[in-house]
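The values are calculated or read from the model by the stated rules, or taken from the named source; none is laboratory data. On a predicted model such as this, the values are computed, not experimentally measured, just so you know. Cβ placement follows ideal geometry from the backbone for every residue including glycine, while neighbour counts extend to all protein chains displayed.
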Amino acid sequence: MYRAPTDYWYLERIIWLIAGIVVLGGISLGLLVNKYWFILPMLAGFNMIVFAFTGFCPMAIFLNKVFKIEPRIKPVERGK
């Protein structure tokens with residue numbers, strides 16, 4: 001069984017936290033307020049799929065540039 005380290009907050013862990021909050025919040029608001037809130041978890045899911053295929057994540061870029069949060073897994077440098 002794999003267990004991620006929880007002794008510090010790294011970029012990937014914060015991304016999962018934010019994604020979970022967006023999905024649960026969107027579903028809750030969709031059930032309690034208005035059905036159009038279901039668009040929020042759909043967008044979060046779409047962004048997760050885009051990240052899986054391309055490696056591009058706007059939230060990761062924002063957290064890294066603005067708050068200087070470092071990733072646990074360092075990006076691979078491509079050949080020059």
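Yes/no matrix, rows are residues, columns are (1) touching a residue at least 60 places away in the same chain (Cβ under 8 Å); (2) surrounded by fewer than 16 Cβ atoms within 10 Å (Cβ to Cβ); (3) more than 20 Å from Lys74 (Cβ to Cβ):
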residue: Arg3; (1), (2), (3): no, yes, yes
residue: Leu11; (1), (2), (3): yes, no, no
residue: Leu17; (1), (2), (3): no, yes, yes
residue: Tyr36; (1), (2), (3): no, yes, yes
residue: Pro41; (1), (2), (3): no, no, yes
residue: Asn47; (1), (2), (3): no, no, yes
residue: Val50; (1), (2), (3): no, yes, yes
residue: Thr54; (1), (2), (3): no, yes, no
residue: Ile61; (1), (2), (3): no, yes, no
Original post:
Looking at region 10-45, which of its residues are more than 11 Å from the chain's Cα centre (by Cα), assigned to a helix (DSSP H, G or I) and aromatic (Phe, Trp, Tyr)?
Top reply: Tyr36, Trp37, Phe38
Original post:
Looking at region 68-80, which of the residues that are surrounded by 10 or more Cβ atoms within 10 Å (Cβ to Cβ) and either at pLDDT 95 or above or of a type outside the set (A, V, I, L, M, F, W, C) (or both) is nearest to Ala4 (Cα to Cα)?
Top reply: Arg72
